[in-house]
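Colleague: Quick one: this structure, given as structure tokens, is what I'll be asking you about.
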Amino acid sequence: MTDTVYVLNGPNLNLLGLREPAIYGSTTLDEIAGMLEDRGRELGLAIDMRQTNYEGMLIDWMHEAQAEGAKAVLINAGAYTHTSIALLDAARAIATPVIEVHLSNPKERESFRHTSYIGEAAAATFEGHGADSYRLALEHVAATFA
Ligand code: DQA
């Protein structure tokens, strides 16, 4: 059976393409999903792409990723990155590898974006490459986790 990678997207990422394009680019989340599905096909990985504006939903999906035997979780937690100890705990609670993704590089932005709670539990972080951050994270999963 094809290994599945969960790609979880948090608050406001449904507006990608329209939202602050100077920072986040003009690519929509649907376009990123399509790009990941194409690359995943080449790498032998299925993509389960999701977005929610609710913190608890991200936690439920992380638990589900483990229960369903996902190969990895890529997560762009949006602003919850900088606030959510609950997401950090969820990442620590599951054995499934968690990879942190950001379009922008939060560490080069306002100081309130410099802390990443989920980053404390992430196996790797890809940030600052726009939509390519997701592709790089997926390639990392294919190269790293047997
Ligand atoms: C983001 C960076 C976060 O600081 C911000 O709150 C987002 C998007 C990114 O992908 O660059 O919503 O995670």
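The values are calculated or read from the model by the stated rules, or taken from the named source; none is laboratory data. What you are looking at is a predicted structure, and each value in this text was computed from that prediction instead of being measured. Positions of Cβ are generated from backbone atoms using ideal geometry, with glycine treated the same way; all protein chains shown enter the neighbour counts. Ligands, DNA and RNA are excluded from the accessible area calculation, which covers all protein heavy atoms including side chains. Shrake-Rupley method; radii C 1.70, N 1.55, O 1.52, S 1.80 Å.
Colleague: Based on Cβ point charges of +1 for Lys and Arg and -1 for Asp and Glu, what charge dipole magnitude is obtained for the range 16-146 about its Cα centre, in debye rounded to the nearest 20?
Modeller: Here the size comes out at about 180 debye.
Colleague: Let me ask something additional. Which is farthest toward the positive dipole end of the chain among ALA77, LEU13, ILE23, measuring Cα position about the Cα centre, with Cβ charges +1 (Lys, Arg) and -1 (Asp, Glu)?
Modeller: Ranked along the dipole, the leading option is ILE23.
Colleague: Where does the charge balance sit around ALA123 when Lys and Arg score +1, Asp and Glu -1, over other residues with C-beta under 13 Å from its C-beta?
Modeller: Values: positive: LYS71, ARG92; negative: GLU100, GLU120.
It works out to a net charge of 0.
Colleague: What does the C-alpha gyration tensor say about the overall shape of the chain? Classify as rounded when a/c is under 1.5, otherwise prolate if a/b is larger than b/c, or oblate.
Modeller: Taking the square roots of the gyration eigenvalues as a ≥ b ≥ c, the chain is oblate.
Colleague: State, to one decimal in nm, how far the label point of SER111 lies from the label point of ALA146, with both points 7 Å from Cα in the Cβ direction.
Modeller: The modelled label-to-label distance comes out at 4.6 nm.
Colleague: Also: Provide the per residue accessible area, probe 1.4 Å, for the range 39-124, rounded to a whole number of square angstrom.
Modeller: Numbers: 3970 Å² over 86 residues.
It amounts to 46 Å² per residue over the range 39-124.
Colleague: For the range 85-146, which whole percent of the accessible surface, found with a 1.4 angstrom probe, sits on carbon and sulfur atoms?
Modeller: 49
Colleague: May I pose another question? What is the sum of charges, Lys and Arg at +1 and Asp and Glu at -1, for the other residues whose Cβ falls under 12 Å from the Cβ of ASP38?
Modeller: Residues close to ASP38 contribute a combined charge of 0.
Colleague: So for the chain, averaging the separation of alpha carbon pairs under 8 Å that are six or more residues apart and normalising by length, what relative contact order in percent results?
Modeller: 26
Colleague: Pick out, in residue order, every one of the GluC sites (Glu not before Pro) in the range 1-84 that is DSSP loop and has at most 16 other C-beta atoms within 10 Å; say none if there are none.
Modeller: GLU68
Colleague: Continuing with the same structure: Tell me the label-point distance for the pair THR83, GLU68, using the 7 Å Cα-to-Cβ offset, in nm and rounded to one decimal.
Modeller: 2.6
Colleague: Continuing with the same structure: Given N residues in the range 44-102, what is Rg(Cα) / (2.2 N^0.38 Å)?
Modeller: Cα Rg divided by the expected 2.2 N^0.38 Å: 1.04.
Colleague: Sticking with this one: Which one of TYR54, TYR24, TYR80 has the biggest mean-square fluctuation once the chain is modelled by GNM with Cα springs under 10 Å?
Modeller: TYR54
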